[in-house]
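Peer 1: What follows is a single structure, and I will ask about it in a moment.
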Amino acid sequence: MNQNNPVRLFVGHCWDESDDYLRFFDYVSDIDSFFYINLSEPQKRPGAGVEAVQTELNRQMKDAEAVIIFSSAYTEDANLTQYQMDLARALGKPIIGVEPFGPQTVMKAVKDRAAEVVPWYNRAMVDAIMHHGRGDSTSRYEVIDFP
């Protein structure tokens, strides 16, 4: 992966840039060799009607290589998050679940649909995205420097 071939991500949202949504980008941006395009646009909430919401989410998600779903989003709006997971499955997109930030547990609905659930650890997030989104398997080892 390089700057000319970034990973296309849809990051689940409830039509706002929640703390977890913003925190996710802070975490993955810390990995120097990880390039991505964020296809999600929470600021583009469509007009009234379920069909308009579904059409807009489909537009945002259709070109994604992986879908990121926060367990906290399910708590915020279960129906909208459920629809995003169902749409990801219908479009054949792998779902990467992200554990809640804090002591809560992962929602069962997210755990059951995710290809993998990752903690708030940037390397784990990027490895899961690359593995499930691109089929790249990283053999990453931690290096410890001794003085």
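Peer 1: For the chain, what is the convex hull volume of the alpha-carbon atoms per residue, in Å³?
Peer 2: Cα-based convex hull of the chain, divided per residue, equals 123 Å³.
Peer 1: For Gly133, what charge total do you get from the other residues with a beta carbon under 9 Å from its beta carbon, if Lys and Arg give +1 and Asp and Glu give -1?
Peer 2: +1
Peer 1: Given the DSSP H assignment, sum -39500 (n - 2.57) over each helix run of at least 4 residues in the chain and divide by its residue total; what's the result at 222 nm in deg cm²/dmol, nearest 500?
Peer 2: Taking each H run of at least 4 residues, the total per residue is -11000 deg cm²/dmol.
Peer 1: Here is a follow-up. Membrane-span-like helices in the chain: DSSP H runs reaching 15 Å or more (Cα, own axis), mean Kyte hydropathy at least -0.5?
Peer 2: The answer, listed by residue number, is 78-91.
Peer 1: Further question on the same structure: If I take R0 = 25 Å and measure r between the Cβ atoms of Asn4 and Asp30 in this structure, what FRET efficiency does the formula 1/(1 + (r/R0)^6) give, to the nearest 0.05?
Peer 2: 0.75
A short reminder: the numbers here are calculations on the coordinates, not readings from a lab. These figures come from a predicted structure and were not determined experimentally. Glycine also receives a Cβ, built like all others from the backbone with ideal geometry; neighbour counts cover every protein chain displayed.
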